[in-house]
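Each remark here refers to the structure printed beneath this line.
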Amino acid sequence: MNIKDTVAVVTGGGNGIGAALCERFSQIGLAGLAVLDLDGEAANRVADKCGGRGFEVDVTDESSLAQAIQQTEEQYGRVDIVVSNAGIGFADGSEGWATSCPNDRWQEIWEVNVMAHVYAARAALPGMIERGQGYFLHTVSAAGLLSQIGSASYATTKHAAIGFAESLAITHGDDGIVVSVLCPQGVDTKLLRDSERHGPGPQSLDGVLSTEVVADCVVRGMEKEEFLILPHPQALEYYRHKAQDYDRWLSGMRRLRTKFL
């Protein structure tokens, strides 16, 4: 896909990977940009810098998210790219069991990491299908291909996010819809820094990338219309090992868990 002169919507665009994507897209040259974030001031700050429009939006509120996408369509005439980037993560809890995360947090992380992708696609798909083209980029995580030690809720929702992206690609590929999933390991964001307050975790084993490096990787992947965009190429090797010998992979993950927890 040629990003130049397209209209893009980016959720979680006020900080981190989302902000870096907005800046990288604007450098290429967009016809329009909508920056959505729960932090309205951050959204407006990035939008002002990139020549776009900021929206204060809670992505778990489907009507608000749909309204922002609709207003973007009305302002620019179309939406070509939807980047579902907003995401959250929680530790398992004091017990450290896979079941330790309380129900209210399971529901919250499910709404942000999975349903927000569904809501955004539901709002943008009709216009894209009518025009015969559109692009969805879902920021997921290598945890969706592998797992996340210390957070069953994060690993589960990231797996689910990839499942939805696959369904979107399978169902609507013939409608001209392209789908990519961004699956990095460690990226220098607030989410990673918060998770590593008590020391580096396994997600940093292969190095922590800057958001700018990740954004460059995304642009290259979107230009090739790749489904899997992997800023850390090692993730693909690990994924292959997992598929080749699941039991051996699980044993290795248990050893890794013991090392870090």
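The values are calculated or read from the model by the stated rules, or taken from the named source; none is laboratory data. Computed from a predicted model, the values in this text were never measured in an experiment. Glycine also receives a Cβ, built like all others from the backbone with ideal geometry; neighbour counts cover every protein chain displayed. These accessible areas exclude ligands, DNA and RNA; they are computed on the full protein's heavy atoms, side chains included. Shrake-Rupley method; radii C 1.70, N 1.55, O 1.52, S 1.80 Å.
Points to keep in mind about this one:
- Taken over region 55-74, residues that are assigned to a helix (DSSP H, G or I) and of a type outside the set (A, V, I, L, M) amount to 9.
- When Asp61, Asp37, Asp48 are checked against the criterion of being buried (at least 22 other Cβ atoms within 10 Å of the Cβ), of a type in the set (Asp, Glu) and farther than 15 Å from Ala215 by Cα, a single residue qualifies: Asp37.
- Residue list for region 120-136, filter: assigned to a helix (DSSP H, G or I) and crowded, with 22+ Cβ neighbours inside 10 Å: Ala120, Ala121, Ala123, Ala124, Met128
- Check on Val46, closer than 22 Å to Gly134 by Cα and touching a helix residue (DSSP H, G or I) at 6+ places or on another chain (Cβ under 9 Å): no
- Some residue of region 116-134 being free of Cβ contacts under 8 Å to residues at least 60 places away in the same chain, under 25 Å from Cys22 (Cα atoms) and among the charged types (D, E, K, R): yes
- Checking Ser94 against (1) in a loop (DSSP other than H, G, I, E, B); (2) touching a strand residue (DSSP E or B) at 6+ places or on another chain (Cβ under 7 Å), the condition it does not meet: (2)
- Residues of region 57-71 satisfying the condition of being free of Cβ contacts under 8 Å to residues at least 24 places away in the same chain and of a type outside the set (S, T, N, Q): Asp58, Asp61
- Of the listed requirements (1) open to solvent by less than 60 Å² (accessible area, probe 1.4 Å); (2) of a type in the set (S, T, N, Q); (3) in contact (Cβ under 8 Å) with a residue 60 or more places away in the chain, Asn2 misses just one: (1).
- Comparison of Gly32, Gly18, Gly89, Gly54 shows that the only residue that is touching a residue at least 12 places away in the same chain (Cβ under 8 Å), out of contact with any strand residue (DSSP E or B) (no Cβ under 7 Å at 6 or more places or on another chain), crowded, with 16+ Cβ neighbours inside 10 Å and of a type in the set (Gly, Ala, Ser) is Gly89.
- Restricted to region 220-248, and to residues there that are closer than 24 Å to Ser151 by Cβ and open to solvent by less than 40 Å² (accessible area, probe 1.4 Å), the residue that is farthest from the chain's Cα centre (by Cα) is Lys242.
- Candidates in region 67-86 are the residues that are touching a Gly at 6+ places or on another chain (Cβ under 8 Å), over 13 Å from Gly12 (Cβ atoms) and of a type in the set (A, V, I, L, M); of these, the one that is surrounded by the most Cβ atoms within 10 Å (Cβ to Cβ) is Val79.
- Taking the listed residues Ala142, Ala152, the one that is touching a Cys at 6+ places or on another chain (Cβ under 7 Å) and either surrounded by fewer than 21 Cβ atoms within 10 Å (Cβ to Cβ) or modelled with pLDDT under 95 (or both) is Ala152, with no other qualifying.
Condition check ((1) under 24 Å from Ala235 (Cβ atoms); (2) more than 13 Å from the chain's Cα centre (by Cα); (3) among the small types (Gly, Ala, Ser); (4) open to solvent by 20 Å² or more (accessible area, probe 1.4 Å)) across all residues:
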{"site": "Leu65", "(1), (2), (3), (4)": "no, yes, no, no"}
{"site": "Ser94", "(1), (2), (3), (4)": "no, yes, yes, yes"}
{"site": "Asp104", "(1), (2), (3), (4)": "no, yes, no, yes"}
{"site": "Trp110", "(1), (2), (3), (4)": "yes, yes, no, yes"}
{"site": "Thr156", "(1), (2), (3), (4)": "yes, yes, no, yes"}
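- Here Trp106 fulfils each of the conditions (1) outside any loop (DSSP other than H, G, I, E, B); (2) aromatic (Phe, Trp, Tyr); (3) touching a Lys or Arg at 6+ places or on another chain (Cβ under 6 Å) apart from (3).
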